[in-house]
Structure formats: structure tokens, C-alpha cells
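Reading through the C-alpha cells given below for one structure.
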Amino acid sequence: MCSHYEMPSLKEIKTYLKTDLELPLVVSKNIEDKFESVTQIYPKSPSLVMLYSDDELKLVEKKWGYPSPFKKNRVIYNARVERFYEEKPSMWDDSFARQRCIILANEFWESSKQTYLASNNKTYHEHSSFTAKDEPMALIAGIYKGDDFSMVTTASNDTVLPVHERMPLVLKPSELRRWLFQNFTSLLDRSEYNLDRHQLPHR
């Protein structure tokens, strides 16, 4: 599961979405003075997401993680896309059906089950970061409810699998409309999405 990600600055996001991709993006005035620099996003952090509502494609601020129905003061910040197809109802169903969004990231991090022994004789998990190989930033599928959003995950492709069996459902620009408005079943397989892996140095 993605543990955190780096969000581009608002200026970089607007340039990519409005200028490069030519999307009719509306940016609310209350965030124009926020997120001026690159920001590390962790669960419960505020972040920008792109969504469609009231007949507008908008960039809005929401918090990463749905309140957990099981543990007080905890959030659930990753949602398995396959859960939508299961017969048993889930907390994600309405969001998958009607409230989808796009998360923007320079890179995202995954923790591996593999460990190493550091110079201080302590054991740590291997960590890797991932970036989109063909785009200036990664477009990640998300869902939202109220003021909260969750990152959508799918089975890992060959780049991520050595680190973790799950990965964010990353999207190509040509797939944005399908995720936001249409049947998204064809997006579950991310084997053809090109990512670069960067293993973090040991302590």
C-alpha cells in the first residue's frame, strides 16, 4: 500500500492540467494561496484532488483517508479497486459508483517486506519510490466522500511487484475520462503502465 506521496506545487499542477493537457480546469479561490510548494502527503494530510461536480472539472482540497468504522481516530487511505466488484457491500461502493477523483503525485513510496540490517544493528524495511516514466507527474485514481478521499489500488505490475503486491491505480492522460465518468473495468490491469523505481539508500 502507498504510505505517502509527493504532491507537485499548485503552479506545476495547473501548468500540466490546463496548459499541457488542455483541460477546462477550475481552481477555487480558497486554494490559490495554498500549496505553493511541493508537499509531502501522508494519511490525514490535506491535499489537492481533481474531480467533476456541478458541471465543472475542479481542483479542490480534501483530506487523505476515510474515517475508519473500526478504530477511532484512524483513517483508511487505500481502497482496493476489486472491492467494487465483490458481492458483499463495502464502505467504498457509493464512492466508486459516483464520486471518483484524480490524485496528482511527483512520486509515491512503497515499503517492502524485505528488510536489511543497518549500521546501528537495527532492522529496517526496504523502501522504494516510483515515478511516471512518460509523464511529468503521476495521475492516480482516487475516490472521495465529503471532505475525505482515498487512493485506489490494484494488483502490482512488474516494476512494483518486487516491492509490494499492490500499487496505486495510475492512469494515462487518455484514461482520465474513463475513470471519472465511465465503466473503469479495463483500467484494473496496469501491466503496460511505465514506472521508474528508485530504491532508497540504507541508513
With only alpha-carbon atoms counted, please give the Rg and Dmax of segment 107-150, in Å.
16.0, 46
Taking amide hydrogens as modeled 1.01 Å from N in the peptide plane, which residues meet the under 5 Å criterion relative to L57, leaving out close sequence neighbours?
V26
The chain accessible area per residue, 1.4 Å probe, protein heavy atoms, integer Å², reads 54 Å²
Once the Cβ-Cβ distance between S68 and A118 is put in as r, and R0 is 35 Å, what FRET efficiency do you end up with, to the nearest 0.05?
0.65
Per residue, what volume in Å³ does the convex hull of the Cα atoms of the chain enclose?
141 Å³
Checking rank on 163-173, 3-13, 67-77, with mean other Cβ inside 10 Å and highest first, the result is 163-173, 3-13, 67-77
When the Cα atoms of segment 14-80 are enclosed in a convex hull and the volume is divided per residue, what value in Å³ results?
138 Å³
Excluding ligands, DNA and RNA, the carbon-plus-sulfur percentage of the accessible area of the chain with a 1.4 Å probe reads 47 percent
Any chance you could check the Cα centroid distance between segment 146-199 and segment 12-76 for me, in angstrom?
18 Å
If the viscosity is 1.306 mPa s and the temperature 10 °C, what translational diffusion coefficient in µm²/s does Stokes-Einstein give for segment 117-179 when Rh comes from Kirkwood over Cα pairs?
112 µm²/s
Where in segment 144-180 is the amide nitrogen less than 15 Å from a point lying 7 Å along the Cα-to-Cβ axis of S53?
144-150
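The values are calculated or read from the model by the stated rules, or taken from the named source; none is laboratory data. From a predicted model like this one, the values you see are computed outputs, not experimental measurements. Positions of Cβ are generated from backbone atoms using ideal geometry, with glycine treated the same way; all protein chains shown enter the neighbour counts. In case anyone asks, the SASA skips ligands and DNA or RNA and just uses the protein heavy atoms, side chains included. Shrake-Rupley method; radii C 1.70, N 1.55, O 1.52, S 1.80 Å.
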